[in-house]
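These notes concern the structure reproduced below.
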Amino acid sequence: MLGLTSLYHRGAIRTDGLGPFNLATGTVKLPMDVEENIIDQLEDVIPSLRNCALTCRAWRPRSRYHLVSSIQIRTRKDFASLCEFFERHRNLASLVKALTIFPSDEEPSPRSLVEVALVELLRQLPNLRQYKLVYDLHVNDGARPTYSTTFHPRSLTHFKMYLHAETLRLGPLRLLSHEELARIVIALPRLRTLQCRGLTFGRQNGGSESSVRFANKTCLSDVSVSSTHSLYISR
């Protein structure tokens, strides 16, 4: 095996800090594209991404990109912190591609979080492409009231103007009616993928299957429905 001195004389090691191995400091410097590829492999490992962001200044931009590209809101406190963060770091808001709203059991006003939070965030997240809504508190032990999610017409207008989502994931979720689902989808003109899982409806049509038709009002190309009774979606 060649020693460091031999490698140095053969030109494999440079002492000016420009090569992959710096003999003076005993450190290895990888090309930036290799370092970024390593960080990319950790895109779903939040603790590791946080550590990478704190490792050195060069790693911070790539780590931050993955940390903010997909965010989740579970409480009003999360929502307030997020708004404050993007108010201070407006350049990072454009990196958010996916948003999940999933109220926790401790959230005192989950319905407000579901129906209002997204509307208030839309102007701050111009590149949001994937939206997921989960609100399954109605399946608890009955201690809480059973609410059906519905959006005010003004909220749907905001969706149409500012929400450029191409993927929508709904459920487990209780909607007011089948028509409410149609209103949400039609309000998203760029929507390509719709995934419904565990949907229930406050207004049922006597247990019979309901067909939700969008005709030519959407650009849907991929629709999947699972664990959802009495619903048929046609394009």
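Read the figures in this text as sums done on the coordinates, not as results from a lab. These numbers come from a predicted model, not from an experiment. Methodologically, a virtual Cβ is constructed for each residue, glycine included, from the backbone with ideal geometry; neighbour enumeration extends over all protein chains shown.
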Cα→Cβ-extended label distance, 7 Å offset, between His152 and Glu166, nm = 3.2 nm
Under 12 Å Cα to Cα from Lys132, which aspartates and glutamates show up? Leave out anything in the same chain fewer than 8 places away.
-> Glu166
Arrange the peptides 166-174, 53-61 so that the one whose residues have, on average, the most other Cβ atoms within 10 Å appears first.
-> 166-174, 53-61
Fewest first, what order do Val45, Val34 take by the number of other Cβ atoms within 10 Å?
-> Val34, Val45
Contour minus end-to-end for Ala58 and Arg111, with contour as 0.36 nm per residue of separation and end-to-end as the Cα-Cα distance?
-> 14.9 nm
Can you figure out the FRET efficiency of Phe85 with Lys29, using R₀ = 22 Å and their beta-carbon distance, to the nearest 0.05?
-> 0.10
